[in-house]
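K.L.:
Just dropping this structure here.
The values are calculated or read from the model by the stated rules, or taken from the named source; none is laboratory data. As the structure is a prediction and not an experimental result, all values here were calculated from the model. Because the Cβ atoms are built from the backbone with ideal geometry, glycine has one as well, and the counts that use them run over all protein chains shown.
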Amino acid sequence: MEHPENDTAYKGLTVNKGIEQPSMINPYLKNRPRVRRRELTANDYVEGILKGDVMILSRAVTLVESLRPEHQALAQEVLEKCLPYSGNSIRIGISGVPGAGKSTSIDVFGLHVLEKGGKLAVLAIDPSSERSKGSILGDKTRMEKLSVHPNSFIRPSPSAGSLGGVARKTRETIILCEAAGYDKIFVETVGVGQSETAVHSMVDFFLLIQLAGTGDELQGIKRGIMEMADGIVINKADGNNIEKAKLAASHFRNALHLFPAPESGWTPQVLTYSGFYGLGIEEIWKMIYDYIAFVKKNGYFEYRRNEQAKYWMYETINEHLRDSFYHNEKIAELIPLKEKAVLTGGLTSFVAAKQLLDAYFEDMK
């Protein structure tokens, strides 16, 4: 379209033609040959994992997290073949209030243990948005040194709306990492909440990170989580905060005395440290190793592993039943009708639920 300024009525004005803009599409992109990744068999995955191939391990974890039926079938085959090579690690769950320094602490804890040998896998659960279902997956940016260490494997995974941010997939990922030779496994949770129960059911040692000088130190931690903790550490015990950290530690020790004794027979310890300055890290690892030696000696270590396996069997059953229910064609047709009846007051929630379940079981006959 011509500019009106170029009309003869405006002889004194001229508008020069602008510079032609190049296409936003890369012209060389079309000519580039498309490289397709080779599809791996279950044996290819297992062979690569046992060799410690990080790329194949990453692809196997992606396979485990996939919701596609063909991927799930292949993932289960890989898991079954990796299972005999798993179980030879120390699994440590790490939780704490948001901002307590979990990722920074993992960076320091991990480097300390890697200096003594072995391999470390960090499975970090990132919260997913309830609106967009997206996740930043930014834990690697907070683990600067560990993320470039050759003997570490950091895998951030989205919570994807699962209970408390910890999916059943995390436990399956632990099996793959152990088969790949990782003898230390860290599972970092979203934060204090329901996810702690799920993490506790897949780790050997549950470490709770807390801060001092934030008001009532005991207010941010609920009794249930305190009872799950095998060890509590107060972070940022440096500078002017040292005395506050010591005071917070004494508060926690007093609170722990009020709780029933843990099944393991272990008395949870409360320590102070500074993740930023790397102070007190040696003492924390000593506490973890002392605990592992203690529970292995009294048989609780093996008992807890067996109980966890049983727990996840039932969790898997519950998940499959839920998926089967909601993917049933008859139920998919009935749900909107029952939902409308509940909203208009024609049915109570409980009656509608019972009718849906009756219809499902009738369809299964």
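K.L.:
Among ASN306, ASN328, which is the only one that is without any contact (Cβ under 8 Å) to a residue 24 or more places away in the chain, not β-branched (Val, Ile, Thr) and not assigned by TED's automatic domain parsing to the domain that holds LEU207?
P.N.:
ASN306
K.L.:
Quick check on this structure: which one of PRO158, PRO127 is closer than 16 Å to THR62 by Cβ, surrounded by fewer than 23 Cβ atoms within 10 Å (Cβ to Cβ) and either at pLDDT below 80 or in contact with a Gly (Cβ under 8 Å, 6 or more places away or on another chain) (or both)?
P.N.:
On inspection, the qualifying residue turns out to be PRO158.
K.L.:
When you look at VAL233, is it closer than 25 Å to GLY278 by Cβ, modelled with pLDDT of 85 or more and buried (at least 19 other Cβ atoms within 10 Å of the Cβ), yes or no?
P.N.:
Values: closer than 25 Å to GLY278 by Cβ: yes; modelled with pLDDT of 85 or more: yes; buried (at least 19 other Cβ atoms within 10 Å of the Cβ): yes.
When the stated conditions are applied, VAL233 passes them.
K.L.:
Name the pairs: first residue in the range 49-70 and touching a residue at least 40 places away in the same chain (Cβ under 8 Å), second residue among the acidic types (Asp, Glu) and in a helix (DSSP H, G or I), Cβ to Cβ under 7 Å, at least 6 apart or on different chains?
P.N.:
VAL64/GLU172
K.L.:
For the range 249-272, which residues satisfy the criterion of being outside any loop (DSSP other than H, G, I, E, B) and either within 28 Å of the chain's Cα centre (by Cα) or basic (Lys, Arg) (or both)?
P.N.:
Of everything in the range 249-272, those that are outside any loop (DSSP other than H, G, I, E, B) and either within 28 Å of the chain's Cα centre (by Cα) or basic (Lys, Arg) (or both) turn out to be ALA249, PHE252, ARG253, LEU256, GLN269, VAL270, LEU271, THR272.
K.L.:
Something else: In this structure, does LEU123 turn out to be over 22 Å from ASN306 (Cα atoms), in contact (Cβ under 8 Å) with a residue 24 or more places away in the chain and of a type outside the set (Lys, Arg)?
P.N.:
The answer is no for LEU123.
K.L.:
A follow-up question, please. At pLDDT 85 or above and either more than 18 Å from the chain's Cα centre (by Cα) or surrounded by 10 or more Cβ atoms within 10 Å (Cβ to Cβ) (or both): is that true of ILE19 in this structure?
P.N.:
no
K.L.:
I'd like to verify a number: residues in the range 298-334 that are under 24 Å from GLN72 (Cβ atoms) and out of contact with any helix residue (DSSP H, G or I) (no Cβ under 7 Å at 6 or more places or on another chain), how many?
P.N.:
Summing the residues that are under 24 Å from GLN72 (Cβ atoms) and out of contact with any helix residue (DSSP H, G or I) (no Cβ under 7 Å at 6 or more places or on another chain) in the range 298-334 gives 20.
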